Amino acid sequence: MAKNIVQKIIEAHLVSGEMVAGKEIAIRIDQTLTQDATGTMAYLQFEAMGVPQVKTELSVSYVDHNTLQSGFENADDHRFLQTVASKHGIHFSRPGNGICHQVHLERFAVPGKTLLGSDSHTPTAGGMGSMAMGAGGLDIAVAMAGGAFYLNMPKVVKVELKGSLKPWTAAKDIILEVLRHLTVKGGVGRVIEYTGVGVASLSVPERATITNMGAELGATTSIFPSDENTRVYLELQGRGEVYAPLAADADATYDEELIIDLDTLEPNIAQPHSPDNVIAVKELASKRIPVQQVAVGSCTNSSYTDLMRLASVLKGKTVHPNVSLVVSPGSKQVFEMIARNGALADILSAGARLLESACGPCIGMGQAPSSGAVSVRSFNRNFEGRSGTADASVYLASVETCAAAAVLGYIADPNELGDFPVIEMPEKFLVDDRLVLAPSATPADVEVLRGPNIKPLPVNTDLADSLTAPVSLKVGDNITTDHIMPAGAKVLPLRSNIPAISEHVYVRVDPQFPARAKEMGKSVIVGGHNYGQGSSREHAALAPMYLGVKAVIVKSYARIHRANLINFGLLPLTFVNEADYDTVAQGDEIAVDNLTEQIQAGNEITVKNVTKGTTFTVTHDLTGRQIDIILAGGLLNYTKKQAI
């Protein structure tokens, strides 16, 4: 039987389950990655499992998110991450070595392998033909301990790329076009597989830009074939030996299809405040919208070719006097290469401000725009307030469009810049892995160092036989994990301290929520469609659990957040009749009798609105394994019980 790429990889890694769309399957994980904003919890959870050494082929701990050391907390966490990695068989990428997804693509990703990362943009490695998926830290801990990763068998969407890109149109414009068609929830339960003659015209870094931002579709992952371009990239990285060809069979079938004509594609831009609010740049260019900030970098667009293109545009020019241009090279490799060939000097001479090779502004870690500013960024998310400035208008665009805005001072079509600079791949990449530390050969001698900000891991209790609790918060559609658990310089240093970070849950939506939830003791949250989209941060489930949230009732979920709720024992429920959402108000008392019995009896549960004197029906759609996890109070409790 003919197979597509996704089916081939899953079949080769299948541990249990049936490869039928929507059915739960379990797959073997070859590689894992963590970053410092999620890694501390993942490794505390791994330690709690009592497994001395990781059982994956490769696990890497990166420090890239919280590198701003304004207090002892971040430095202490980095020390913890380095020592815990050394002790348990994990490679450690030091601060300054680069953004996890860029470095992993350069140095570790392998075609045909499975990669699970505690970051939603882990699918970046799909640009090399790796099946790379984001997940919560607890899922990563289980995978490092040798456990399988459970997910529903996804539908596979074929995106056929026809033709080739015109000058000044970039890979970023392709994924923005896909987002325009499919929206931020169009990829839920799906993998996006790219095919067509246009694939051959895209380099691995360009493909990685597309798969990286596929996370904004809500997709399980995105993937390209492993072909001659893949082989060339790996050879240039000195890793040619890991190359393996991988392509869909000629007559492979797909669940859905979308065609993108690259010959006619124009530069795109995502308007505030959603990655799918996409419009052609030329439709805004005539308005000459003034720009106050331009940011180039992030895991989406910080490769060598990206920054060489920026340098070529800026050479001999000066950044507009009303614009602050900041640049974040994606890795030490990229940074050092543009420093050696003179491109960095062109960027600096034009007036750009250089940041370290880290996530930085993308997660609100510095470089917040001025009040009411327009910021054009080559990033992947433009959620309201994520930049650190509540009233900023953040646009997402290609490096080319960012460069045009930086030079001209307004949102402009990059075609206005004149002749298109052709950027070739280097003859070889600069390979220097000295900032990646191998684990200790004598792990018993390694002491794991813990700072005072690292607090014990909170653990949930078994699910009660009944639930009576008030609604502590009611929210609408497209609630992101940034809404639930903000990032930024103020909050991220508390990621190892759940009691402290829980004080920030939902404060951007309702500053009184943490105090109200604690006063209620236990509560329920009600929401709309696509609840929990965005970052994979499990703190968005763990911290509400600490505040006493027992269940969430919404119209629909984003994949990773729903999995995180289950992992921490919060019951994820969905309205059967969406109109019932309108009948529930914040403060209403909700009751479910015989809860454990109802969960085990079937998918549907009857919920009483005690305040209104009404009832409505919800569904849980949990598998048998997930029911057991919920009954145990979360995956960690469940895993411990399985080991007994």
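Bear in mind that the values in this text are calculations on the coordinates, not laboratory data. Values in this document were obtained by computation on a predicted structure and should not be read as measured data. Cβ: placed from backbone, ideal geometry, glycine included. Neighbour counts: every protein chain shown.
Can you tell which of Gly634, Pro443, Ser523 lies farthest toward the positive end of the dipole of the chain, using +1 and -1 charges on the Cβ of basic and acidic side chains (Lys, Arg; Asp, Glu)?
Farthest towards the positive end: Pro443.
Classify the stretch 467-643: rounded, prolate or oblate, from the alpha-carbon gyration tensor (a ≥ b ≥ c, eigenvalue square roots; a/c under 1.5 rounded; otherwise prolate if a/b is larger than b/c)?
Note, shape of the stretch 467-643 comes out oblate.
Quote the charge dipole size of the stretch 5-261 about the Cα centre in Debye, to the nearest 20; the model charges only the Cβ of Lys and Arg (+1) and of Asp and Glu (-1).
With only Lys, Arg, Asp and Glu charged at Cβ, the dipole is about 200 debye.
Using only alpha carbon pairs under 8 Å that are at least six residues apart, calculate the relative contact order of the stretch 467-643 and give it in whole percent.
23 percent
Would you mind classifying the stretch 141-243 by shape? Square roots of the alpha carbon gyration tensor eigenvalues, ordered a ≥ b ≥ c; an a/c under 1.5 is rounded, otherwise it is prolate if a/b is larger than b/c and oblate if not.
Oblate shape, in that a/c is at least 1.5 and b/c is the bigger or equal ratio.
Compute the Cα gyration tensor for the stretch 334-457, then decide on rounded, prolate or oblate, letting a ≥ b ≥ c be the square roots of its eigenvalues: rounded whenever a/c is under 1.5, prolate when a/b is larger than b/c in the other cases, and oblate in all that remain.
It is oblate, given that a/c is not under 1.5 and a/b is not larger than b/c.
Can you tell me the FRET efficiency between Val15 and Asp419 if r is taken as the Cβ-Cβ distance and R0 is 56 Å, rounded to the nearest 0.05?
Numbers: r = 54 Å, r/R0 = 0.96.
The value I calculate is 0.55.
Distance between the C-alpha centers of the stretch 440-470 and the stretch 180-198? Whole Å please.
Cα centroid of the stretch 440-470 versus Cα centroid of the stretch 180-198: 37 Å apart.
Can you tell me the dipole magnitude for the chain around its Cα centre, using point charges on the Cβ only (Lys, Arg +1; Asp, Glu -1), in Debye to the nearest 20?
1020 debye
Just to verify a number: FRET efficiency for Gln512 and Asp593, C-beta to C-beta distance, R0 = 22 Å, to 0.05?
0.15
Taking 45 Å as R0, compute the FRET efficiency from the Cβ-Cβ separation of Val576 and Ile279 and round it to 0.05.
Once the sixth-power term is evaluated, E becomes 0.80.
In terms of modelled amide H atoms, which long-range or inter-chain residues lie less than 5 Å from the amide H of Leu571?
Those qualifying (amide H under 5 Å, at least 5 residues apart or on another chain) are Ala551, Val552.
Please give me the summed charge of the neighbours of Gly388: other residues whose Cβ is under 12 Å from its Cβ, Lys and Arg +1, Asp and Glu -1.
Every neighbour counted, the sum reads 0.
Counting helices only, and only those DSSP H runs with n ≥ 4, report the 222 nm mean residue ellipticity of the chain as the sum of -39,500 (n - 2.57) divided by its residues, in deg cm²/dmol to the nearest 500.
So the calculated ellipticity at 222 nm is -8000 deg cm²/dmol.
Using the Karplus equation 6.51 cos²θ - 1.76 cosθ + 1.60 (θ = phi - 60°), what ³J(HN,Hα) coupling, rounded to whole Hz, does each residue of the stretch 614-629 give in order, writing x for Gly and Pro?
Those phi angles translate into 10, 10, 8, 10, 10, 10, 9, 6, 8, 6, x, 5, 5, 4, 4, 5 Hz.
Farthest toward the dipole's positive end in the stretch 5-261, which of Ile25, Ser120, Leu44, given Cβ charges of +1 (Lys, Arg) and -1 (Asp, Glu) about the Cα centre?
Going by the charge dipole, the pick is Leu44.
Once Lys and Arg get +1 and Asp and Glu get -1 on their Cβ, which of Pro493, Met1, Val178 lies farthest toward the positive end of the dipole of the chain?
Farthest towards the positive pole: Pro493.
In whole Hz, what ³J(HN,Hα) sequence does the stretch 110-126 give by Karplus (6.51, -1.76, 1.60; θ = phi - 60°), x for Gly and Pro?
Karplus-based 3J(HN,Hα) across the stretch 110-126 equals 9, x, x, 8, 9, 10, 10, x, 7, 7, 5, 9, 3, x, 3, 5, x Hz.
Under 12 Å from the Cβ of Pro456, count the other residues' Cβ atoms, weight Lys and Arg +1, Asp and Glu -1, and hand me the total.
+1
Residue by residue through the stretch 287-299, which ³J(HN,Hα) values in whole Hz follow from phi under the Karplus form 6.51 cos²θ - 1.76 cosθ + 1.60 (θ = phi - 60°), with glycine and proline marked x?
Each residue of the stretch 287-299 in turn: 7, 6, 5, x, 10, 9, 9, 10, 10, 10, x, 6, 5 Hz.
Considering only DSSP beta bridges whose two residues both sit in the stretch 270-414, what percent are antiparallel, to the nearest 5?
If I count the DSSP bridges inside the stretch 270-414, around 20 percent turn out antiparallel.
What is the sum of charges around Thr264, taking Lys and Arg as +1, Asp and Glu as -1, for the other residues whose C-beta is under 11 Å from the C-beta of Thr264?
-2
If you put +1 on each Lys and Arg Cβ and -1 on each Asp and Glu Cβ, how big is the dipole of the stretch 467-643 around its Cα centre, in Debye rounded to 20?
In total the dipole reaches around 600 debye.
Relative contact order for the stretch 5-261: what is it in percent, counting Cα pairs under 8 Å that are at least 6 residues apart? Intermediate values should be presented prior to the final figure.
Numbers: 566 pairs, mean separation 57.6, N = 257.
Taking the mean separation of contacting Cα pairs over the length of the stretch 5-261, I get 22 percent.
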